[in-house]
Amino acid sequence: MKSIVENLSTTRVKLAVEVPFDELKDKFDAAYKRIGQQIRVPGFRPGKVPAKILEARVGRGTVLQDVVNEALPEAYAEACQENGLKVIGQPQVEVTEITDDEFKFTAEADIRPEIAVPDLTQVEATVEDPVVEDDEIDEQIDGLRERFSTLKGVDREVAEGDFVSIDLKAELDGEEIEGGSASGLSYEVGTGQLVPGIDEQLVGMKADDEKTFSSELVAGEHAGKSADITVNVKSVKEKELPELDDDFASMASEFDTIDELKADLRTRLERAKSFARIATARDAVMEAIVEKVDFDLPQGALEQELEARKHDAVHSFDHDEDALTKWVEEQGKTREEFDKEIEENAHKSLRAQLVLDQIVDDQEIEVDDAEMTQYIIQQAGRYGMAPQQFADEIAKAGQVGALVADVRRHKALDYVLTQVTVKGSSGDVLDLDAIRQEAIASLGQTVAVDDEDEAQTDAETRTDAEPSEDDAK
């Protein structure tokens, strides 16, 4: 096999490859066997038809095309290896010639840029010290009070936050809609979980009141049409929160006093925030390293990263672009600002990935079977899949190589964190491993995998289909 490399840019190459057929005897044998099992020739068993007879029946071109299809991926991988190319992403392949003796093809592909990683021992990053504010404690207490709240019937007009028992009936052109009625439905007013506009209608009504209003249907075969909704209030209840005293503390926790309960909540929040500094440190460290290096991004890889992030964002809204835009605007942003953030995050993420890949090479980081198994189990759990099912899906999608690269980057990032200096905002140097071990021990967990991986940041490769907090809901 012969191959020639043409540099199209600092991050893209074009391979011209020639593959002689006399090097592909195994591929020809396999092709004859496959085709022979599909052809019925009198006097021969399926799969036992001689090659010359098969070629006479289907044409040599059919055989050659089958061989080329099977041989090309291996030839491409071999050519990349022979030329020392660190390709990323999918190549653009074109078969340029097929003769009786050989076939030729070209492949354009992005390559990883050479990156001079700075001395990691000289890299320093700062993360905020964990501070728990009083209002955070109050928020936790309020949540506990909500859990132990009770409902009390009231004889007054409905207010937002009340719980009502209602009957609902939806009609379209005077005909009741199938499946559009409900009796004795319990609903918290103001949650917006029923038909649009019902919260505004319920406020001010009393028990036994009935009202009809128009609302657009959001589901079913009549979705998008305006229907007449009749709501009848059967009862009104308000939520009663328990008094914030020592009796409540005893009921809601193992503590005897409210002060003890608050002190425990503060300790738990401080511990959680301390643990969260590991993920924050990863971000800060990778940002500090990336700022110290300058290299061109492979455009094809950047486009793939950007498209993946856009897909993930709209996927959270069932691929409804209008729904995504509405959610973005509810966050106080314009869609243009949101799209720009996605683009910036794609740049940052890809740059971090490429730096980690370079560290993998520099430190000769490898992945063993136990680490792969552990990672597959972890990722399968995140997607609610059995480990074997997850592994099968990865293999079917041809993403095994990407998964291995992902694990290597995780290991590279762990290595980075052992080399750099991370300080708190007070100036103290942090022992991230000690923080992690303390947090895990306090939760009574066994260290089997990197527990903080659940809080992966843009400094790591994204393996889930969900958008990051920066990207979408």
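The values are calculated or read from the model by the stated rules, or taken from the named source; none is laboratory data. Being a predicted model, the structure only gives us computed values, none of them experimental. Positions of Cβ are generated from backbone atoms using ideal geometry, with glycine treated the same way; all protein chains shown enter the neighbour counts.
Quick notes
- Residues satisfying the stated conditions in the range 318-374, i.e. on the phi > 0 side of the Ramachandran plot and acidic (Asp, Glu): 318, 364
- Per-region count, the range 170-193, residues surrounded by 14 or more Cβ atoms within 10 Å (Cβ to Cβ), under 35 Å from the mean Cα position of the chain (by Cα) and either of a type in the set (Val, Ile, Thr) or within 15 Å of residue 215 (Cβ to Cβ) (or both): 2
- With respect to the conditions (1) farther than 25 Å from residue 90 by Cβ; (2) surrounded by 16 or more Cβ atoms within 10 Å (Cβ to Cβ), residue 364 lacks only one, and its number is (2).
- Residue 399 modelled with pLDDT of 90 or more, within 25 Å of residue 305 (Cβ to Cβ) and assigned by TED's automatic domain parsing to the domain that holds residue 419: no
- Residue check for residue 285: among the aliphatic types (A, V, I, L, M), under 15 Å from the mean Cα position of the chain (by Cα), in the same structural domain as residue 415 (by TED's automatic domain parsing) and part of a helix (DSSP H, G or I): no
- In the range 206-263, the qualifying residues are those that are exposed (fewer than 15 other Cβ atoms within 10 Å of the Cβ) and in contact with a Pro (Cβ under 9 Å, 6 or more places away or on another chain), and the one that is nearest to residue 175 (Cα to Cα) is 216.
- Scan of the range 332-357 for residues that are polar (S, T, N, Q) and surrounded by fewer than 20 Cβ atoms within 10 Å (Cβ to Cβ), ordered by number: 334, 345
- Matching residues in the range 46-81 - criterion: being closer than 12 Å to residue 1 by Cβ, crowded, with 17+ Cβ neighbours inside 10 Å and of a type outside the set (A, V, I, L, M, F, W, C): 76
- Pairing each residue of the range 267-284 that is closer than 15 Å to residue 410 by Cα with any residue that is at pLDDT below 90 and of a type in the set (Gly, Ala, Ser), provided the two are 6+ apart or on different chains, yields C-beta distances under 7 Å for 279/455; 282/459; 283/459.
- Cβ-Cβ under 7 Å pairs, at least 6 apart or on other chains, the range 87-105 side under 10 Å from residue 21 (Cα atoms) and assigned by TED's automatic domain parsing to the domain that holds residue 20, far side modelled with pLDDT of 90 or more and assigned to a strand (DSSP E or B): 101/20; 102/18; 102/19; 102/20; 103/19; 103/95; 103/97
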